[in-house]
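The values are calculated or read from the model by the stated rules, or taken from the named source; none is laboratory data. Every value quoted in this text rests on a predicted model; they were computed, and no experiment measured them. FYI the Cβ positions are ideal-geometry reconstructions off the backbone, even for glycines, and counts take in every protein chain you see.
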């Protein structure tokens, strides 16, 4: 049992993640550095594979300690330590514009944000794990824009970050986190009750209104009379509510600096 290789605190976080991904299709590991997010994410990924899903883990090359250019493709640092400690072997993808690669079938596939635009995978059966997900905040860049688009396509997303959410524009790529999961809907053909995921863009639009902001010309702007301090206070309240619903683990970390 993979949970037996983790500390009680890590096992609890993994159990929360598995449950949230089932209920809400999204989870955020927001512990500070050194708390074991990498171990928790990989353990969650291993459970997803056991349940028949494909896992695509995306991180910065720095976090992966990646060597994608010379000799055998390798990763190191905390990723190598966690995979070895949990007895798992990742499948490392190093695609490029000239040579695309697939993340399909059972297994934990690992790649970098630079490589993500050239990876093909099944959106309906893939858990997308985004380490240092603040790398997506600049949606005008190729990795950021493409990554944000992929979040909208994929069924399940696990976010990882130890960076305080101190900039308004960082909310855009995390819209999925605030969505209330699946809505009840009726199949017009069969009349059966089915689950329908809420639209991420509409969720973000509503969230911004509640926080006292709006989007204009690709930028998020505070509404008249709403100070930055008030916006942060409201956002902190939202994250506390998400934590109460077990969509977020954030031990020893204040999300708002």
Residue tally, condition assigned to a strand (DSSP E or B) and at pLDDT below 80, over the range 219-257: 2
For the range 41-71, which positions are crowded, with 19+ Cβ neighbours inside 10 Å and either without any contact (Cβ under 8 Å) to a residue 12 or more places away in the chain or part of a strand (DSSP E or B) (or both)? 54, 55, 56, 57, 58, 59
Does residue 13 satisfy the condition of being assigned to a helix (DSSP H, G or I), touching a residue at least 60 places away in the same chain (Cβ under 8 Å), within 13 Å of the chain's Cα centre (by Cα) and crowded, with 19+ Cβ neighbours inside 10 Å? no
Can you name every residue in the range 171-218 that is surrounded by fewer than 16 Cβ atoms within 10 Å (Cβ to Cβ), modelled with pLDDT of 70 or more, within 22 Å of the chain's Cα centre (by Cα) and farther than 16 Å from residue 237 by Cα? 202, 205
Of all residues in the range 73-90, which are at pLDDT 90 or above, farther than 13 Å from residue 36 by Cβ and buried (at least 16 other Cβ atoms within 10 Å of the Cβ)? 83, 88, 90
List every residue pair whose Cβ atoms sit under 7 Å apart, with the two residues 6 or more apart in sequence or on different chains, where the first one lies in the range 208-236 and is farther than 19 Å from residue 178 by Cβ and the second, anywhere, is modelled with pLDDT of 80 or more and surrounded by 12 or more Cβ atoms within 10 Å (Cβ to Cβ). 228/222
Quick test for you: out of 93, 130, pick the one residue that is in contact (Cβ under 8 Å) with a residue 12 or more places away in the chain, crowded, with 21+ Cβ neighbours inside 10 Å and more than 18 Å from residue 158 (Cα to Cα). 93
Evaluate the following for residue 152: is it part of a helix (DSSP H, G or I), in contact with a strand residue (DSSP E or B) (Cβ under 8 Å, 6 or more places away or on another chain) and modelled with pLDDT under 70? no
